[in-house]
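What follows is one structure encoded as structure tokens, with my remarks underneath.
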Amino acid sequence: MEEKIARLKYLNNSFEIIENGTHVICAISGKKIFLENLNYWNVDLQEPYYSYIEANLKRNKEK
């Protein structure tokens, strides 16, 4: 399968695949996140994050 950006709907404890793909792009760092490694996202903003570091940076920016 060729690499393609997936479109997801982020839910509280999971995500729903809207359009098939292999990865998403971190909203903070721009890093590629393969779906099998996706663990951090914001449901309200519908944004994925590469790791807890990027998720924490986003949270701190909003304060």
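The values are calculated or read from the model by the stated rules, or taken from the named source; none is laboratory data. Quantities reported herein were computed from a predicted structural model and do not represent experimental measurements. Note: ideal-geometry Cβ built from the backbone for every residue, glycine included; neighbour counts use all protein chains shown.
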Problem - Condition check for Leu45: among the aliphatic types (A, V, I, L, M) and either crowded, with 17+ Cβ neighbours inside 10 Å or farther than 22 Å from Asn60 by Cα (or both) - result: no
Exercise for the section: Within region 19-33, work out how many residues are over 19 Å from Glu2 (Cα atoms) and surrounded by 15 or more Cβ atoms within 10 Å (Cβ to Cβ). Expected result: 3
Handout entry: Unique match (being loosely packed, with under 12 Cβ neighbours inside 10 Å and in a helix (DSSP H, G or I)) among Glu36, Glu16
Key = Glu36
Exercise for the section: Inspect region 48-60 for any residue being loosely packed, with under 15 Cβ neighbours inside 10 Å, at pLDDT 95 or above and in a loop (DSSP other than H, G, I, E, B) and give the result as yes or no. Expected result: no
Problem - Residue in region 36-43 that is on the phi > 0 side of the Ramachandran plot, under 10 Å from the mean Cα position of the chain (by Cα) and polar (S, T, N, Q) present - result: no
Completion exercise
Residues of region 8-31 being out of contact with any Leu (no Cβ under 9 Å at 6 or more places or on another chain) and free of Cβ contacts under 8 Å to residues at least 12 places away in the same chain, in sequence order, are Asn13, Ser14, Gly30
